[in-house]
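What follows is a set of notes on a single structure, which appears directly below.
The values are calculated or read from the model by the stated rules, or taken from the named source; none is laboratory data. Bear in mind that the values here come from a model prediction, so they are computed numbers and not experimental data. No Cβ is skipped: glycine too gets one built from the backbone with ideal geometry, and neighbour counts run over all protein chains shown. With ligands, DNA and RNA removed, areas are computed over all heavy atoms of the protein, side chains included. Shrake-Rupley method; radii C 1.70, N 1.55, O 1.52, S 1.80 Å.
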Amino acid sequence: MTALMIAWTNLRRSLQDRTSAFFFVLFPLLMITVLGVAFGGGYEPRVGVVSPATGALAGDLVVALEDAEGIDVRRVESRAEAVEAVEDGGLEAAVLIPNTYDTRLEDGQDTAVRYLSRADRNAQQIGMIVRAVVDDQAGRYRVARTLQRELGGGLDENLVRGDAFAGRVADVAVSTTTVGSAPLPEDLGRFDLGASSQLLLFTFVTSMTTAASLIETRRLGVARRMFATPTRVSTIVAGEALGRVAIAVVQGLVIMVGAAVLFGVSWGDPVAAALMLLSFATVAGGAGLVLGAAAANTQQSVAIGLLAGLGISALGGSMMPLEFYSPTMLTIAHLTPHAWAADGFATLVRHDGTVLDVLPELGVLATFAAVLFGVGSWALRRRILTG
């Protein structure tokens, strides 16, 4: 029996398992979808507007809020409905326009527009946008009142005069300049950021958890029976090692192709992306080989595989972008292969990198793989020879 035949048998057995199929295909793509919808670019917080007043002034405020950039305004029927939606998360905030809005402004009186939000980090940003819109409308009314005192006429007439005058006044131009390169480019797709992190997470975790099949092979005496044939122990070890890598490669290809077809994710230079996938799959396969050779039983293997796989992945930036890490945590993260792989994919996806640009990351991943396969092969060979 050749090493390739052993590897193919391992891969086929993993793919035939329905649970593995779920984690191979559906769950990674589902997670990419969730992350893209929740945190991807282009998201605007939903702000409800309650406006029982039917006057033109309240209508102007609602239109101004709808035209404001950075928020998605939704019409809401009542204050109670708005409060419930904010509490349940259906809306990030709500603006309550009183039913006396027009009459009080027409009489020259102050009126209060209420703002409701949850106590989270988005509340202040949304509040600044709403406050800017309300302040702009208040400025219009102050100008109209001044013109009314000087020229006479009604509020509506002077609002038109004020708006016409404001149209002839030059705006203050504000320009912004970005120093250096942004870690997250503006043209980054909403699914691009989460795709590479989920690729690393699931490729590694799947390699670790499917190491249980290697323990079953040992427990059932398959490896010993193969050893009794002309098959050499080095061939058995090589086949099991290639099987681990094959599982990781197939997992990675499913995620890469699925994300590209379903969500339009760009993986950058195809040759460089393929090398990054193969390098990390080799690391993941090496880790699975070490676990499969060292664990005493399948229960222990699955438990360690899940805990270690998720823990190392989280530390290496597969659950939160490395850009959010402190300098100390960033140094610690690069003790894992995940951080180096994340850096490599970031170079390809966000900065149009090539193979030459990711050579350092490929070199580090190759070192991780060599160490893991060296340890795993030694441990598995010893297990087979000693029974």
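Please calculate how many Å² of accessible area segment 249-387 carries per residue, with a 1.4 Å probe and no DNA, RNA or ligand atoms counted.
About 45 Å² of surface per residue is accessible.
Excluding Leu105 itself, what net charge comes from residues whose Cβ is under 13 Å from its Cβ, given Lys and Arg +1 and Asp and Glu -1? Write out the running numbers ahead of the final one.
Details: positive: Arg104, Arg140, Arg142, Arg145; negative: Asp60, Asp102, Glu106, Asp107, Asp110, Asp156.
Combined, the nearby Lys, Arg, Asp and Glu give -2.
How big is the dipole moment of segment 88-160 about its Cα centre under a simple scheme where the beta carbon of each Lys and Arg is +1, that of each Asp and Glu is -1, and everything else is neutral? Debye, nearest 20, please.
Details: 9 positive and 12 negative charges, 52 e Å.
In debye, rounded to 20, segment 88-160 gives about 240.
Tally Lys/Arg at +1 and Asp/Glu at -1 over every other residue whose Cβ is under 11 Å from the Cβ of Leu330; what's the total?
Details: positive: none; negative: Glu323, Asp343.
Overall, the nearby charge balance is -2.
Find how many whole Å separate the alpha carbon centroid of segment 242-287 from the alpha carbon centroid of segment 123-152.
A separation of 55 Å, based on Cα centres.
Which of the three applies to segment 298-387, rounded, prolate or oblate, going by the alpha-carbon gyration tensor with a ≥ b ≥ c and a/c under 1.5 meaning rounded?
Verdict is oblate for segment 298-387.
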